[in-house]
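Here is the structure we will look at.
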Amino acid sequence: MLLSQIRTEAGGVEAVAREGTEAFVIAGVASIYELAMECAARGEDIATRVNALGFGRAVDIERAHRENRMLPPILHPDPAHLHLTGTGLTHLGSASTRDAMHAKANDEEVSLTDSMRMFNLGLEGGKPANGRPGVQPEWFYKGNGDALVAPGGALVSPPFAEDAGEEPEIAGIYVIGPDGTPFRIGFALANEFSDHVMEKRNYLYLAHSKLRPASIGPEIRVGPMPDDIRGTSRIRRGDKIVFEAPFLSGEANMSHAIANLEHHHFKYGLFRRPGDVHVHMFGTATLSFAQGITTKAGDVFEIDAPEFGLPLSNPLQIETPPARDAALRVVAL
């Protein structure tokens, strides 16, 4: 089952479910958030609840997609209670890209970069066989619901950015139940938009490089994450494709188990606040930046994996710099 949210032609919002090509409005709920919180309170899985609620009118979801009427498949009524986070160096091909970015100028100074050390930790302990928590991964914060961009919406790079690059990923989508239990709704495509030039300058700039918008969807896949995900990431510039490469995900292509990544995120009480929404991105090994691509305003990022429904597409927009480069002033009270 795939879940999504669309803006109607009249300006309203509808929660939609589909199996195969048939999509229908879910009866009795105003949003996927409302549906998920009902399920968390009732202890009922999403698919069972959707089928119990029943369906309303049929939806031409591909038309809504073409007309940019798809919303993020999860929103919170208060954007401050939606958390965008992620983890890196989790995929079997991710170390070479990051290692090259963070390599020391003097190879004699150190034999392994911090990136490679972190990756090796995941290889050794990211998938514990005994059901206990494994080694903790790299982790980062991207923002709250204000940084979440709808499918088709522009990913806006700030004027101080040094790069504006895509990261094709899979994200876990969660709500926190009334007793603080995390509930996973499912998984969605994600573009974990980042500044790779800034990160390359110094690994300690990673936190700055990740404070950018992100987009997810258009649909959430309900149920377990496929073990072997094979998708495509591309960049269109006008009528040309300037970058196209496969991306792999799923645990068969990862150094960490999804359960391990979830444990190390939700072990913090801060992230188990009842009613909150979490979008947690699981990393990638495919970057156009690693192949020497410099993106430009107007480029369109496309991320596609058949198991996750409609493709995720977002144009790049560069924010106009201020008239003069003045320091931001804080006003004392």
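Couple of notes before you dig in:
- Failed item, numbered, when Pro224 is tested on (1) without any contact (Cβ under 8 Å) to a residue 24 or more places away in the chain; (2) farther than 15 Å from Leu3 by Cα: (2)
Here is a yes/no grid of residues against (1) in contact (Cβ under 8 Å) with a residue 12 or more places away in the chain; (2) of a type in the set (Gly, Ala, Ser); (3) part of a loop (DSSP other than H, G, I, E, B):
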| site | (1), (2), (3) |
| --- | --- |
| Gly275 | yes, yes, yes |
| Ala285 | yes, yes, yes |
| Thr295 | yes, no, yes |
| Gly298 | yes, yes, yes |
| Ile303 | yes, no, no |
| Glu307 | yes, no, no |
| Leu316 | yes, no, no |
| Pro321 | yes, no, yes |
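- Of all residues making up the range 182-236, the number that are hydroxyl-bearing (Ser, Thr, Tyr), within 25 Å of Tyr268 (Cα to Cα) and open to solvent by 20 Å² or more (accessible area, probe 1.4 Å): 2
- Number of residues in the range 276-314 that are open to solvent by less than 10 Å² (accessible area, probe 1.4 Å) and within 20 Å of Tyr141 (Cβ to Cβ) equals 8.
- Taken as a whole, the structure places Thr8 among residues that are modelled with pLDDT under 95, touching a strand residue (DSSP E or B) at 6+ places or on another chain (Cβ under 7 Å) and either within 30 Å of Ser209 (Cβ to Cβ) or of a type outside the set (A, V, I, L, M, F, W, C) (or both).
- Top-ranked residue of the range 121-146 - restricted to ones that are of a type in the set (Gly, Ala, Ser) and either open to solvent by 20 Å² or more (accessible area, probe 1.4 Å) or modelled with pLDDT under 95 (or both), ranked as nearest to Tyr205 (Cα to Cα): Gly122
- Of all the numbered requirements in (1) under 30 Å from Ala40 (Cβ atoms); (2) in a helix (DSSP H, G or I); (3) open to solvent by 10 Å² or more (accessible area, probe 1.4 Å), Leu261 misses one, and that requirement is (3).
- Output for the range 235-255, where each listed residue is among the small types (Gly, Ala, Ser), over 30 Å from Pro224 (Cα atoms) and in a strand (DSSP E or B): none
- Any hit, the range 54-76, residues being open to solvent by 40 Å² or more (accessible area, probe 1.4 Å) and within 14 Å of the chain's Cα centre (by Cα): yes
- Members of the range 197-227 that are under 24 Å from Ile293 (Cβ atoms) and over 18 Å from the mean Cα position of the chain (by Cα): Val197, Met198, Glu199, Lys200, Arg201, Asn202, Tyr203, Tyr205
- Against the numbered list (1) in a helix (DSSP H, G or I); (2) among the β-branched types (Val, Ile, Thr); (3) at pLDDT 95 or above; (4) open to solvent by less than 40 Å² (accessible area, probe 1.4 Å), Thr97 comes up short only at (3).
The values are calculated or read from the model by the stated rules, or taken from the named source; none is laboratory data. Every value quoted in this text rests on a predicted model; they were computed, and no experiment measured them. Glycine gets a Cβ as well: all are built from the backbone with ideal geometry, and neighbour counts include every protein chain shown. Accessible surface areas use protein heavy atoms only, side chains included; no ligands, DNA or RNA. Shrake-Rupley method; radii C 1.70, N 1.55, O 1.52, S 1.80 Å.
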